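A.B. asks: The following block contains the structure, expressed as structure tokens.
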Amino acid sequence: MSEDRDPSLDTLLNLHGQVLVVDPAGGHWVKFIVTRVPVSSEKPHGLDYSLTLHGPSGERLVGFDNAHPVGRQKKGEPQDHRHRFQTVKPYAYENAATLLADFWQVVDAVLKERGVL
């Protein structure tokens with residue numbers, strides 16, 4: 001096993017395709033899309049990922065992904081970023097465990113703002 005192998009990566013990859021209802025009464029849910037891809041300058045972690053929180057009508061409220069460039073980003077730069085309502089900001093990917101923790105922290109904050117938690 002490589003010393004730089006992220007031990008939390010398997011946990012993240014195992015969430016691929018999962019949809020979890022986080023608010024049965026109000027209809028909020030999260031979805032995970034996580035696949036391995038060849039390492040590139042845009043995706044240096046070898047992952048294509050999208051972790052999202054959706055509201056009752058399906059609208060995306062929160063998203064962490066690396067599916068597209070953000071703002072004035074140049075070709076070849078990492079595409080990691082996060083969405084919170086209509087705001088998009090770069091995200092500094094560290095590892096799978098931190099990504100999951102950061103995602104759930106923002107999900108909890110949004111659900112509290114909406115009076116769900």
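The values are calculated or read from the model by the stated rules, or taken from the named source; none is laboratory data. It should be emphasised that the depicted structure is a prediction, and the values quoted were computed from it without experimental measurement. Glycine also receives a Cβ, built like all others from the backbone with ideal geometry; neighbour counts cover every protein chain displayed.
A.B. asks: Among the numbered criteria (1) part of a loop (DSSP other than H, G, I, E, B); (2) modelled with pLDDT of 95 or more; (3) among the charged types (D, E, K, R), which single criterion is violated by D102?
C.D. replies: Of everything listed in (1) part of a loop (DSSP other than H, G, I, E, B); (2) modelled with pLDDT of 95 or more; (3) among the charged types (D, E, K, R), D102 misses just condition (1).
A.B. asks: To continue, here is another question. So in the stretch 88-103, with the set limited to residues that are hydrophobic (A, V, I, L, M, F, W, C) and touching a strand residue (DSSP E or B) at 6+ places or on another chain (Cβ under 9 Å), which one is surrounded by the fewest Cβ atoms within 10 Å (Cβ to Cβ)?
C.D. replies: Going through the stretch 88-103, the residues hydrophobic (A, V, I, L, M, F, W, C) turn out to be 88, 92, 96-97, 99-101, 103.
Filter again for touching a strand residue (DSSP E or B) at 6+ places or on another chain (Cβ under 9 Å), leaving 88, 96, 99-100, 103.
Details: V88: 15, A96: 21, L99: 24, L100: 17, F103: 22.
Among them, the one singled out is V88.
A.B. asks: Given the residues D6, D10, D48, which is the only one that is out of contact with any Phe, Trp or Tyr (no Cβ under 9 Å at 6 or more places or on another chain) and surrounded by fewer than 13 Cβ atoms within 10 Å (Cβ to Cβ)?
C.D. replies: D10
A.B. asks: Let me ask something else. Which one of these is crowded, with 19+ Cβ neighbours inside 10 Å, of a type in the set (K, R) and on the phi < 0 side of the Ramachandran plot: R60, R82? Walk me through how you get there before you give the answer.
C.D. replies: Details: R60 fails: crowded, with 19+ Cβ neighbours inside 10 Å.
The unique qualifying residue is R82.
A.B. asks: Also: Which of (1) out of contact with any Leu (no Cβ under 7 Å at 6 or more places or on another chain); (2) surrounded by 11 or more Cβ atoms within 10 Å (Cβ to Cβ); (3) hydrophobic (A, V, I, L, M, F, W, C) is the odd one out, the single condition V107 does not satisfy?
C.D. replies: Of the numbered conditions (1) out of contact with any Leu (no Cβ under 7 Å at 6 or more places or on another chain); (2) surrounded by 11 or more Cβ atoms within 10 Å (Cβ to Cβ); (3) hydrophobic (A, V, I, L, M, F, W, C), the odd one out for V107 is (1).
A.B. asks: Output yes when any residue across the stretch 74-86 is at pLDDT 95 or above, under 16 Å from the mean Cα position of the chain (by Cα) and more than 16 Å from W104 (Cα to Cα), and no when none is.
C.D. replies: no
A.B. asks: Now for a different question. What single numbered condition from (1) closer than 18 Å to V110 by Cα; (2) in contact with a Leu (Cβ under 6 Å, 6 or more places away or on another chain) fails to hold for L99?
C.D. replies: Exception for L99: condition (2).
A.B. asks: What number of residues in the stretch 13-45 are more than 17 Å from the chain's Cα centre (by Cα), under 19 Å from N66 (Cβ atoms) and surrounded by fewer than 11 Cβ atoms within 10 Å (Cβ to Cβ)?
C.D. replies: Selection size over the stretch 13-45: 1.
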